[in-house]
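These notes are about the structure you will find just below.
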Amino acid sequence: MARIVVVTSGKGGVGKTTTSAAFASGLALRGHRTVVIDFDVGLRNLDLVLGCERRVVYDVVNVIHGEARLQQALIKDKHCENLYVLPTSQTRDKDALTQEGVAAIMEELRQDFDYIVCDSPAGIERGALMALYHADEAIVVTNPEVSSVRDSDRILGIIAARSRRAEAGQEPVKEHLLLTRYAPKRVQGGEMLSIDDVQELLRIPLLGVIPESESVLQASNQGIPAIHMKGTDVAAAYEDVVARFLGEDRPLRFTQPERTGFFKRLFGG
Amino acid sequence: MSLLDYFLGTRKKTASVAKERLQLILAHERAADAPDFLPALQAELLAVIGKYIPVDQDKIKVTMERRGDYEVLELNILFPDQH
């Protein structure tokens, strides 16, 4: 039986899809059969980030409406074994996701996979609620910035009140904080919320910190999940995230500023 | 921030401003998410207390707030002056 993990945030543009692609790829690289589902109906992007946009034939909405079988809609990732992608529809609207339809897909995928990663749309409407409803665990992607922290707090409240686990009175969804676009130098300068600040505000366990990096754009430009960008901080940070998620103890990296020269420190830079 | 900025104290630490603002707004919004029985609880408490002491509707406040791992139900009643 698969574990269902939602990647969510409330706010847009904080790195949900980047994280979904990298995290799902990381689980697959570790040998776990993984499927990643795009819940952003009408704004399909996970396919682009994973580089499979030209292989999309059927999508999750087709499956819900009985126009295609689940197996026909699943796309095998070209970067690693064990990873499949279930794209969303680019033409339908968010009401195309029905509660029963999503439940049936989850049930079928649960039999075949170890992990189901749900890439949530921004906002707190239907798509986002569908993405988090079945979750066993939630990765809350947060930037060290006021609006992102506030929206993360909001989505945490929704997970606690409106997920299947909450409704059924079961053990609550396991919540993880993932800080992205972290700039240690700006934190040191007192111009960006620190890891401790965000943790103190949101009060959920930290899964990892992804440093701000130009490699993320380089990766999405090419349709390669960031975890495959060998030798970059971002790839290493995502590998750590996956390892911690699987229960390994990994110290935080890339959270301290790189050492700069005396003159640069004296005059700023 | 450069050392010159540090010694001259020219730059304000905006991160701490952000943190303080968030602490306030999150506490407020979490309180707003409180269970919706609060208005009913307030009305019933008012009725009970009103049997013994005359209290104005707006002199009683019931709030619920999360503090760390526990929730605090706060009941505030302002009694009229004894004259």
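The values are calculated or read from the model by the stated rules, or taken from the named source; none is laboratory data. Nothing here was measured: the structure is a model prediction, and the numbers come from that model. With ideal geometry, Cβ positions are generated from the backbone for all residues, glycine too; neighbour counts draw on all protein chains shown. Heavy atoms of the whole protein, side chains included, go into the accessibility calculation; ligands, DNA and RNA do not. Shrake-Rupley method; radii C 1.70, N 1.55, O 1.52, S 1.80 Å.
Listing for the model above:
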quantity: Sequence-distant lysines (8 or more away, or on other chains) whose Cα lies within less than 27 Å of A:LYS185; calculated: A:LYS11, A:LYS16, A:LYS230, A:LYS264, B:LYS12, B:LYS13, B:LYS19
quantity: Accessible area (Å², 1.4 Å probe, nearest 10) - B:GLU71; calculated: 110
quantity: Charge dipole (the protein assembly as shown, unit charges on Cβ, about Cα centre) - positive-most of A:ILE227, B:ILE49, A:ALA243; calculated: A:ILE227
quantity: Region B:20-78: Cα Rg divided by the 2.2 N^0.38 Å rule of thumb; calculated: 1.31
quantity: Surface/4 of the Cα convex hull for the protein assembly as shown, nm²; calculated: 23.7
quantity: Heavy atoms of A:HIS65: accessible area, 1.4 Å probe, square angstrom to 10; calculated: 90
quantity: Solvent-accessible surface (1.4 angstrom probe) belonging to A:TYR58, in square angstrom, nearest 10; calculated: 80
quantity: Under-5 Å amide H pairs with A:GLY42, H placed in peptide plane, nonlocal only; calculated: A:SER89, A:GLN90, A:THR91, A:ARG92
quantity: Residue order for B:VAL55, B:VAL48, B:VAL17, A:VAL5 - accessible surface, 1.4 angstrom probe, largest first; calculated: B:VAL48, B:VAL17, B:VAL55, A:VAL5
quantity: Under-5 Å amide H pairs with A:VAL117, H placed in peptide plane, nonlocal only; calculated: A:VAL5, A:VAL35, A:VAL36, A:ILE37
quantity: Accessible-area order (highest first, 1.4 angstrom probe) of the listed residues A:HIS32, A:HIS176; calculated: A:HIS32, A:HIS176
